[in-house]
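The values are calculated or read from the model by the stated rules, or taken from the named source; none is laboratory data. Source: prediction; values computed, not measured. Here the Cβ positions follow ideal geometry from the backbone for every residue, glycine too, while neighbour counts run over all protein chains shown. Note: areas computed on protein heavy atoms with side chains; ligands, DNA, RNA excluded. Shrake-Rupley method; radii C 1.70, N 1.55, O 1.52, S 1.80 Å.
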Amino acid sequence: MRPIPGGFGGAVSPLRVDGAELVTPGGRFPLTGSCRSLAAEAGVTVGAPDSYPDSGHDPDAPLAVDAGAAALLAAWFARGDAALRALFPDVEPVLWPEHFDLAVGVGEVNYGVSPGDAGHPLPYAYVGPWEPREGPFWNAPFGALKEGDELPDVAALVEFLRAGRSAAASP
């Protein structure tokens, strides 16, 4: 997947999310009901591809998407996309469905932005070397993170990611 203005969409699929709506070639549908009902509206089968583990999400559970939260998420991914492209212009950022984070991998280090997760519930940027590093920059079990609210614009996000690239290159 990839970020797009107002939301995110498939890299090869025509499906996308714009705010609190699913956009398909056949129309726009509010993100209400269940994943199964939305999949039926879109003409697709509900569920993860075989290459991804089961998320444990019940496809018949009701969805509750807040339009304001969706706008904040879209803006966070747009900021992350701009920063990753500025720092790594030859690498295409990917919005990974299994973690729902936007990232690139360069030189055995992952650089990205997350909307938050079970380990850290608020949006954050991260640098995750494949091999653990030591030193003052590395403040998380997987590498380093910085709160999204401490990164108010693209320049601040680029600065954090650039510092991570420098720290990852140091022995």
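Residues that are buried (at least 16 other Cβ atoms within 10 Å of the Cβ) and in a helix (DSSP H, G or I) within segment 76-100 comprise W76, F77, A78, R79, G80, D81, A82, A83, L84, R85, L87, listed in sequence order. Scanning for something farther than 30 Å from P129 by Cβ and aromatic (F, W, Y), does segment 21-30 turn up at least one residue? So far as segment 21-30 goes, yes, one or more of its residues are farther than 30 Å from P129 by Cβ and aromatic (F, W, Y). Scanning segment 101-119 for residues that are of a type outside the set (D, E, K, R) and open to solvent by less than 40 Å² (accessible area, probe 1.4 Å) yields a count of 10.
Cβ-Cβ distances below 6 Å connect no pair with a first residue in segment 14-42 that is under 12 Å from P62 (Cα atoms) and in contact (Cβ under 8 Å) with a residue 60 or more places away in the chain, a second residue that is among the aliphatic types (A, V, I, L, M) and open to solvent by less than 70 Å² (accessible area, probe 1.4 Å), and a separation of six or more residues or different chains.
Evaluate segment 27-37: report whether one residue or more is of a type in the set (K, R), surrounded by 13 or more Cβ atoms within 10 Å (Cβ to Cβ), in a helix (DSSP H, G or I) and out of contact with any Asp or Glu (no Cβ under 6 Å at 6 or more places or on another chain). No, there is no match, as no residue in segment 27-37 is of a type in the set (K, R), surrounded by 13 or more Cβ atoms within 10 Å (Cβ to Cβ), in a helix (DSSP H, G or I) and out of contact with any Asp or Glu (no Cβ under 6 Å at 6 or more places or on another chain). Selection of segment 115-141 for residues being in a loop (DSSP other than H, G, I, E, B) and under 28 Å from A71 (Cα atoms) yields P115, G116, D117, A118, G119, H120, P121, L122, P123.
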